[in-house]
Amino acid sequence: MSEIAKAYDPKLVEPKWYQAWLDADAFGGIPDEKKEAFTIVIPPPNVTGVLTMGHVLNNTIQDILVRRARQEGKKALWLPGTDHAGIATHARIERKLRMEGKNRYDLGRETFLKRAWEWSDEHRNIILNQLQKLGSSCDWNRTVFTMDEKYVRAVLTAFVRLYERGYIYRGKYMSKWCPVSLTALSDEEVIMKPQKGLLYKMRYELVEDPGNYLEISTTRPETLMGDTAVAVHPEDSRYNQLIGKHVWRPFPRAELPIIGDEAVDREFGTGVLKVTPAHDEMDFQIGQRHNLPVIDVFNPDATLNDLAGEDFSGVDRFAARKLAVEKLKALGLFIDAEDYENNVGFSERTDVPIEPRISEQWWMRYPKVEEAKSAVENGLIKFYPSRWEKVYLHWLNNIRDWCISRQLWWGHRIPVWYKKGEDRNNKDNWHISVDGPQDPDNWEQEEDVLDTWASSWLWPFATMGWPNPSKEESEDLNFFYPTSDLVTAPDIIFFWVARMIMAGLEFMGPEKKKLATEEIKERIPFQNVYFTGMIRDLQGRKMSKSLGNSPDPLDLIDKFGADGLRFGIMSVAPKGQDILLSDERVEQGRNFCNKLWNACRFRQISGKLEDNSSLDNILSRFEPDLFDEYDHWIVNQLIKAIHQIETGYDNYDFNLMAQGIYNFFWSDYCDWYLEVSKTKLKNESLRDNCLAIQDFILRQVLLTAHPYIPFITEELWHNLGYGDKHSFIQDHCIENSSQLSNQIYQLGIEKDTHLVEAKNIDELQLFIMRARFLKAEYNVANKRDVTFYYSVGEGYDELVDGNIENIKHLVGASNLIACDEAPEGAPAEVTRIGTIYLDLTSAVDVVAEKERLNKELIRLEKQITGSEARLSDVNFLNKAPEKVIQGAREQLATNKTKREEFQKLINNLG
RNA sequence: GGGCUUGUAGCUCAGUUGGCUAGAGCGCUUGCUUUACACGCAAGAUGUCGGCGGUUCGAGUCCGUCCAGGCCCACCA
């Protein structure tokens, strides 16, 4: 065993242990029927991704849960992988192509896919390697990629089954279109943003009444060439007599019917709506109701086409808007334009306004919606924090069909084949299967691929071999499914969480229209969902590349160690609330590691290590007869802290757990117990018992802290001889608080004494702090040879007598002398267990001291008056519980004693 | 427009079923090489618990209302 270095250096520890874990396959998740299963599937990061602070938070939490599960004796599997990220990857590759002056069509599908694969092969492992630096204990042998051959088969199988079960259809409807990616999007991929624009007012001439006009409001004049009607509210008396008549569309000039539709808002603008069924969702619906023709005047890239007229052909939509206004002005049909703010949908990935567009797409009616709701409503799946349940249910209650086809190449190509040369709209000409038709030459496959989320929604079971599991995979699925916890961000609650639940319910069992509760329980993909907060900077701003406020986690790991980063971020991550992170937090995490390191170093320096290889060995060295207040107290504080941690895990209170470990270890153990130890260690008869207690505390602290800070705890575990060469700290089951207390009490250390001891220690510490205060106040804080006198309060003789040496050490005094009479002129402090006087060889400033004591006296008087008032209030005495009244009486009594004492001190000063 | 959420020290957060003098860390001030640790030790200062009203013997905690942030959902052109 080497001597521990003075300052902890994570660089010497972290890579070493990660490699050792990998070499020993310490994270292997193999079914073990003797144990309880604990499973987490990682939210697969995008292949395009690099590690962000969000990943750090998310994966640290998962790692904590998995490591804790191992300590609790469960068989844990944390299954890692990556997502092919359709649009995001497309965007990356196409950007590169643009720089080469090309686009994907120049390359063709096959060449493009080759490049996509190269790119993904090159990037896929970057983020996984970064997760390893963080300490993530995934079973890397089982890493899955959503484009793996097996996974692809799972995705296609799901499609085929849903088609056969009647959930999937193809049709020409309005969907959201991204003019940059040139693909349809699902509703969830569109982000609404308020945009400053103009509300234009124009007029169309009435066909039946030339010279008279109808005034129309619109934000999108560039679509007027696609108008096929003008609509008013049927009960709007201003206009309803015009229904059935016509107006002139100015260009291309055409007669448009005036129709009545209740969707029109009479209050908005002029109350007259131009109806463009091809370019607006509501207009499309109105068009359907009135059998209006649909004129699509846009190209896929949102430039205008020939149908818009010669002037517009090839013009971009925003230029076309200006052009349309110009033309209206020239025709005298433009009235005015006012500033207007409205919400415009943007493509999540490319950040450009989307276009509502009618196209052939594949759609999915969601399966098992009712069951998905009840799974959460009935608590089969629990959300932390629970308020997300409402958001989830609201979405499911208003669920709309899912547009699952994407006009992209990178992804899972839809397993539908059309008979060559035949009508694609006729289902007789379709072939739908995973493997494709027997005579492929006569068929052509659907060009579209599936939405990325239509692959990741299968993640919890497609990663374990569904739908054609090998023998081993069947065991996996049986053992590890349903998974235990899912840790994710709330912004993908619809994209991913809700859909995974529905997929699990639909696929993880035989086909069934309706599921009973028991079946739901077996099929759900996970039991608990923990939603993380969002990481923000100290100004509360979202961390983003453009703001430059997002620290690179790898830099932080380099500077503070992965443990420091993990501990820092977890200590400020309140449940489900946003996290404001700064470097100082991480620094604090690093400091905690250093403190831990040095406390262990102190143990090593203090005395020879005995056999620490088991808890029993350590406890057998306890000498209960030698236990004093401090020994009792620290053991009790430890058990309390461990209990607090246990409750923390039950409630997913990660920051409270971090703070709990921190406070116990730093404030109780290091600040008080270790300091007291220094006097005990000097005393031969107390020495061994004290070292055994230290060994015990440190052992349990290392175990408890291990999920948060896995590297340093592993290192210290071995340094202090808790483990052998052939095992890791995670191989030792952690004792829970009741096990620990039972074992301790069985040694003959009385349970009941703890409460008394704890109270006594509190009083003792107060006494010591007041003495230190006197030293600081009289500028002798740095002297260790001062003399104190003291008189003991009633009932505390034994406590003070037994702790003289401890008090002397903790205060920094050479003499502590009992006295009956207050020494003349000595500044003093009054506490419950006694009055303490600082002996000053030089004269004290009597006036200043008197003033100080008087201030104290006044404060006391105020409290006494308050207490007396309460205690003489009949209502209070009648209605308050006895405990509270008793408490108030005790406080009053203590304060009165103190007041007397202060009075005496002031009198003594003359 | 609907819903969710937050407001406690300069900053980030605790504060259990209402009950003693509202706590912690960071930061700040002062002093300190004390048998681990300056990534440290000790002492100290700092609060209209967002505002107002109510219930209660008693409110940071419960109720109402208002104010201010943040987020999500929604077809008003």
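The values are calculated or read from the model by the stated rules, or taken from the named source; none is laboratory data. The structure presented is a predicted model; accordingly, all values stated were derived computationally and were not measured. Quick reminder, even Gly has a Cβ in these numbers, built from the backbone with ideal geometry, and neighbours come from all protein chains shown. With ligands, DNA and RNA removed, areas are computed over all heavy atoms of the protein, side chains included. Shrake-Rupley method; radii C 1.70, N 1.55, O 1.52, S 1.80 Å.
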Original post:
To the nearest 20 debye, what charge dipole does the stretch A:309-372 have about its Cα centre, counting +1 at the Cβ of each Lys and Arg and -1 at the Cβ of each Asp and Glu?
Top reply: 200
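Within the set of other residues whose C-beta is less than 13 Å from the C-beta of A:VAL376, count the net charge using Lys and Arg as +1 and Asp and Glu as -1.
Values: positive: A:LYS368, A:LYS373, A:LYS382, A:ARG387, A:LYS390, A:LYS521; negative: A:GLU370, A:GLU371, A:GLU377, A:GLU389.
Around A:VAL376, the charge tally is +2.
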Subject >> Charge dipole (chain A, unit charges on Cβ, about Cα centre) - positive-most of A:ASN378, A:ILE885, A:GLN637 >> reply: A:ASN378
Original post:
Taking H as built 1.01 Å from N, whose amide H comes closer than 5 Å to the amide H of A:THR831, not counting residues under 5 places away?
Top reply: A:ILE836
Original post:
Excluding same-chain residues fewer than 8 positions from A:LYS879, which aspartates and glutamates have a Cα within less than 20 Å of its Cα?
Top reply: A:GLU868, A:GLU890
Subject >> For chain A, alpha-carbon Rg relative to the globular expectation (2.2 N^0.38 Å, N residues) >> reply: 1.27
Original post:
Can you tell which of A:ILE618, A:VAL352, A:VAL701 lies farthest toward the positive end of the dipole of chain A, using +1 and -1 charges on the Cβ of basic and acidic side chains (Lys, Arg; Asp, Glu)?
Top reply: A:VAL352
Original post:
Hey, if you put +1 on the Cβ of every Lys and Arg and -1 on every Asp and Glu Cβ in chain A, which of A:ASN779, A:PRO553, A:VAL207 ends up farthest toward the positive end of that dipole?
Top reply: A:VAL207
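Can you pull out the chymotrypsin sites (Phe, Trp or Tyr not before Pro) in the stretch A:235-284 whose DSSP state is coil and whose Cβ has at most 13 other Cβ atoms within 10 Å?
On the way: sites: A:TYR239, A:TRP248, A:PHE268, A:PHE284; in loops: A:TYR239, A:PHE268.
In loop regions of the stretch A:235-284 (DSSP not H, G, I, E or B), the sparsely surrounded chymotrypsin sites (Phe, Trp or Tyr not before Pro) are A:PHE268.
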Original post:
How many nm is it between the label spots at A:ARG253 and A:ALA818, if each spot is 7 Å from the Cα in line with the beta carbon?
Top reply: 11.8
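Order of A:115-121, A:447-453 by packing, highest average Cβ count within 10 Å first?
A:447-453, A:115-121
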Subject >> Set of lysines with alpha-carbon distance to A:LYS329 below 24 Å, sequence-local pairs under 8 removed >> reply: A:LYS196, A:LYS201, A:LYS274
**OP:** State to the nearest 20 debye the size of the charge dipole of the stretch A:239-304 about its Cα centre, where the only charges are +1 on K and R beta carbons and -1 on D and E beta carbons.
**Re:** 380
Original post:
What is the percent of Cα-Cα separations in the stretch A:164-268 that go past 17 Å?
Top reply: 66
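Given the pairs A:LYS521/A:LYS725; A:LYS176/A:LYS382; A:LYS759/A:LYS862; A:LYS35/A:LYS471; A:LYS133/A:LYS390, which span a C-alpha to C-alpha distance of over 31 angstrom in this model?
On the way: A:LYS521/A:LYS725 42 Å; A:LYS176/A:LYS382 33 Å; A:LYS759/A:LYS862 25 Å; A:LYS35/A:LYS471 20 Å; A:LYS133/A:LYS390 37 Å.
Flagged as over cut-off: A:LYS521/A:LYS725; A:LYS176/A:LYS382; A:LYS133/A:LYS390.
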Original post:
Hey, which of these cross-link pairs are over 18 Å Cα-Cα: A:LYS172/A:LYS420; A:LYS172/A:LYS427; A:LYS74/A:LYS373; A:LYS34/A:LYS74?
Top reply: A:LYS172/A:LYS420; A:LYS74/A:LYS373
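Report, to the nearest whole %, how much of the accessible area of the stretch A:87-192 belongs to carbon and sulfur atoms, 1.4 Å probe, protein only.
Working: 2380 of 4860 Å².
Carbon and sulfur together cover 49 percent of it.
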**OP:** Grab the beta carbon distance between A:ASP785 and A:GLN886, set R0 = 56 Å, and tell me the FRET efficiency rounded to 0.05.
**Re:** 0.80
Original post:
So how far apart, in nm, are the two label points at A:GLN285 and A:ASP301 if each is 7 Å from Cα heading toward Cβ?
Top reply: 3.4
**OP:** Give the residues of the stretch A:71-91 whose amide nitrogen is closer than 19 Å to a point set 7 Å from the Cα of A:ASN129 in the direction of its Cβ.
**Re:** A:80-83
**OP:** Could you work out the local net charge near A:LEU51, counting Lys and Arg as +1, Asp and Glu as -1, over the other residues with Cβ closer than 9 Å to its Cβ?
**Re:** 0
Original post:
In terms of Cα to Cα distance under 21 Å, which lysines are near enough to A:LYS114, apart from those fewer than 8 places away along the same chain?
Top reply: A:LYS96, A:LYS102, A:LYS150
Original post:
Which peptide among A:199-208, A:850-859, A:672-681 comes first, and what is the full order, when sorted by highest mean count of other Cβ atoms within 10 Å?
Top reply: A:672-681, A:199-208, A:850-859
Original post:
What is the Cα centroid distance between the stretch A:29-73 and the stretch A:370-437, reported in whole angstrom?
Top reply: 27
**OP:** Calculate the length of the line joining the C-alpha centroid of the stretch A:237-313 to that of the stretch A:190-235, in whole Å.
**Re:** 7
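Sort A:691-700, A:639-648, A:483-492, A:430-439 for me by packing, meaning the mean count of neighbouring Cβ atoms within 10 Å per residue, highest on top. Don't skip to the end; give the middle numbers.
On the way: A:691-700: 22.8, A:639-648: 18.8, A:483-492: 20.4, A:430-439: 14.2.
Descending mean neighbour count gives A:691-700, A:483-492, A:639-648, A:430-439.
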Original post:
Given the pairs A:LYS850/A:LYS898; A:LYS855/A:LYS898; A:LYS808/A:LYS896, which are separated by over 25 angstrom at their Cα positions?
Top reply: A:LYS808/A:LYS896
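Rounded to the nearest 500 deg cm²/dmol, what is the calculated helix-only ellipticity per residue at 222 nm for chain A, with -39500 (n - 2.57) per DSSP H run of length n ≥ 4? Write out the running numbers ahead of the final one.
Details: 30 runs with 399 residues, N = 910.
Taken over chain A, the calculation gives -14000 deg cm²/dmol.
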**OP:** Would you please state which residues of the stretch A:144-185 a label at A:GLN195 would reach in this model, taking the label point 7 Å out along Cα→Cβ and a backbone N cut-off of under 20 Å?
**Re:** A:174-185
